Amino acid sequence: MAAKQALNIVKMKQMKANGTPISMITAYDYPSAKLSEEAGVDMILVGDSLGNVVLGYNSTIPVTLDDMVYHTRAVARGAEHTFIVADMPFMTYHASLESSLSGIRRLMQEGHAHAVKMEGGAEIAEVVKASVQAGVPVLGHIGLTPQSVNQIGGYRIQGKDPEDARRLMNDAKALEKAGAFAIVLELVTEEVAAAITRELSIPTIGIGAGRFCDGQVLVYHDVLQYASPYRAKRFVKTYADVGSIMREGIAQYVEEVKSKAFPSEEHVFNADEQVLTSLYGGSKEKVGAGS
């Protein structure tokens, strides 16, 4: 079978023009990336949400650039034929342009990402523009921006009043003008997300932003209920419950170890008589004696 052709930013714009939805999923390691690629996903986001779902933090803020490089590199090994976007973590693109580009360089050279994602609107337009001019594809991210959750007052739906809707539209246009190749809209009212999608020439990727974005993104662990306990979210549809299957499988393993049902004869390797004689000076029956 021919290798899958990776998506690129030119094809993404064509998909928007043709009305072909873009599928995107987060992934944080080699097996999740490989399975996602085999399933035919268009893009993989190595999100700083790994802080919540993989590293056990209660937000994305503790995630470091080293964390992102490490996980992006693993994803790149698992999905060699898929377009990979890596998140710029908290406070790595708000100081000097030099430090911002240094972090981007690491994600692309060491992590092997094809693009980076930055949270924010008009206030980060200049760093987006400089990054694009340096040859870096940038995915924007507005609406609920988890890195700013303490500033915006929690995980609130965005675009619920005219002032907020105008702010989101202005942010989206600023990012487009700065050269972003697409924009993630997170927890934005459907009507505002639809209006932004119509206004932009670049694709919008929604998460909790309704039915009219140019694509959708969900977290791998949400799609598969790969968590304990799993907390349902209104904007997420789950397609499998692998968490329960995994827990049940591990519990069965523990039970069989305790009952000595595992390993059984089919799982062992046998030595020949010469080895047994050298060990025990006698018959094979002595193997396991005293157990």
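The values are calculated or read from the model by the stated rules, or taken from the named source; none is laboratory data. Fair warning: this is a prediction, and the values are worked out from it, not measured in the lab. Heads up, the Cβs are rebuilt from the backbone with ideal geometry, glycines too, and the neighbour counts pull from every protein chain shown.
Got a sec? Which of 12, 68 is surrounded by 17 or more Cβ atoms within 10 Å (Cβ to Cβ), within 21 Å of residue 137 (Cα to Cα), within 15 Å of the chain's Cα centre (by Cα) and not charged (D, E, K, R)? Result of the check over 12, 68: 68. Of the residues that sit in the stretch 155-199 and are part of a helix (DSSP H, G or I) and of a type in the set (Val, Ile, Thr), which one is farthest from residue 127 (Cα to Cα)? The residue in question is 192.
Of all the listed residues (91, 12), the sole one being aliphatic (A, V, I, L, M) and in contact with a Pro (Cβ under 6 Å, 6 or more places away or on another chain) is 12. Of the helices (runs of 4 or more DSSP H) lying entirely inside the stretch 8-96, those carrying at least 2 residues that are assigned by TED's automatic domain parsing to the domain that holds residue 110 and in contact (Cβ under 8 Å) with a residue 40 or more places away in the chain are 9-18, 30-38, 65-78. Residue 160 fulfils the conditions (1) at negative phi; (2) within 22 Å of the chain's Cα centre (by Cα) except for a single criterion, (2). Against the conditions (1) in a strand (DSSP E or B); (2) without any contact (Cβ under 8 Å) to a residue 60 or more places away in the chain, residue 210 satisfies every one except (1).
In the set 132, 136, only one residue is touching a residue at least 12 places away in the same chain (Cβ under 8 Å), assigned to a loop (DSSP other than H, G, I, E, B) and touching a strand residue (DSSP E or B) at 6+ places or on another chain (Cβ under 9 Å); that residue is 136. Within the stretch 97-129, the set of residues being surrounded by 15 or more Cβ atoms within 10 Å (Cβ to Cβ), out of contact with any Leu (no Cβ under 9 Å at 6 or more places or on another chain), small (Gly, Ala, Ser) and part of a helix (DSSP H, G or I) comprises 100 only.
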